[in-house]
Amino acid sequence: MPAQGRESYMEMALAEAGQAAARGEVPVGAVIVGADSQVLAAEGNRTRERSDPTAHAELLAIRDACAKLGSERLTGCDLYVTLEPCPMCAGAISFARLRRLYYAVPDAKGGGVEHGARVFAQSTCHHAPEIYGGIDAARAGALLKSFFAARRS
């Protein structure tokens with residue numbers, strides 16, 4: 001896929017992250033794109049809103065895309081997310097059989113892809129997507145930093 005497409009899908013994920021921040025959620029957004037380049041789902045974090053620690057943007061988007069396709073598998077689909085997925089979300093990405101994972105900002109503290117648990121590198125992992133990090137990292141990082149700075153002040 002041309003870089004231009006990747007950037008526009010990450011732009012959508014950033015918009016979802018901004019909406020999450022406006023709701024008082026950690027600003028993480030996720031978009032799932034089908035093999036035909038159709039957007040299947042776009043979500044932001046909703047853990048506080050739903051009082052649900054599993055309501056991460058990635059999981060909500062996976063649920064929506066699966067429902068739309070009528071399948072528990074998202075083979076041929078790509079996920080764009082503004083922050084490196086945590087171990088819980090990485091597990092769901094594996095089980096959903098997503099083809100590619102594009103993320104913006106690495107998460108040295110809570111990540112589960114290239115940091116922490118490194119879920120896809122484990123011998124028990126059923127499926128590992130292609131992984132591309134750093135897509136629009138500056139803007140996603142700035143959104144996260146400003147959100148947490150406002151929380152501390």
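List of remarks:
- Volume per residue of the C-alpha convex hull in the chain, rounded to whole Å³: 101 Å³
- Fraction of antiparallel bridges per DSSP, the chain only, in percent to nearest 5: 50 percent
- Under 5 Å, built H, 5+ apart or other chain: amide partners of Thr82: Gly29, Ala104
- Sorted largest first, the principal axis extents computed over the alpha-carbon atoms of the range 1-87 equal 34, 29, 21 Å.
- Between 0 and 90 degrees, the angle of helix 87-96 with respect to the longest Cα principal axis of the chain falls at about 30 degrees.
- Placing unit charges on each Cβ (+1 for Lys and Arg, -1 for Asp and Glu) gives the range 12-153 a dipole about its Cα centre, and among Ala15, Ser123, Tyr102 the Cα reaching farthest toward its positive end belongs to Ala15.
- When only Cα pairs below 8 angstrom with a gap of at least 6 residues are kept, the range 30-80 shows a relative contact order of 44 percent.
- 3J(HN,Hα) from dihedral phi, the range 53-68, Karplus parametrisation 6.51/-1.76/1.60, rounded to Hz, x for glycine, proline: x, 9, 7, 6, 3, 4, 5, 5, 5, 4, 4, 4, 5, 4, 4, 5
- Accessible area (Å², per residue) of the chain, counting only protein heavy atoms and a probe of 1.4 Å: 48 Å²
- Under 14 Å, Cβ to Cβ, from Pro87 - net charge with Lys/Arg +1 and Asp/Glu -1: -2
- The range 1-123 - charge dipole about Cα centre, Lys and Arg +1 at Cβ, Asp and Glu -1, debye rounded to 20: 260 debye
- Rolling a 1.4 Å probe over the protein heavy atoms of the chain, with every protein chain left in place, gives an accessible area that is 53 percent carbon and sulfur.
- Radius 14 Å from Cβ of Ala57, net charge of other residues (Lys, Arg +1; Asp, Glu -1): -4
The values are calculated or read from the model by the stated rules, or taken from the named source; none is laboratory data. All figures in this text were calculated on a predicted structure; none of them were measured in a lab. Cβ atoms come from the backbone with ideal geometry, glycine included; neighbour counts cover every protein chain shown. Areas reflect the complete protein model, heavy atoms only, side chains present, ligands, DNA and RNA absent. Shrake-Rupley method; radii C 1.70, N 1.55, O 1.52, S 1.80 Å.
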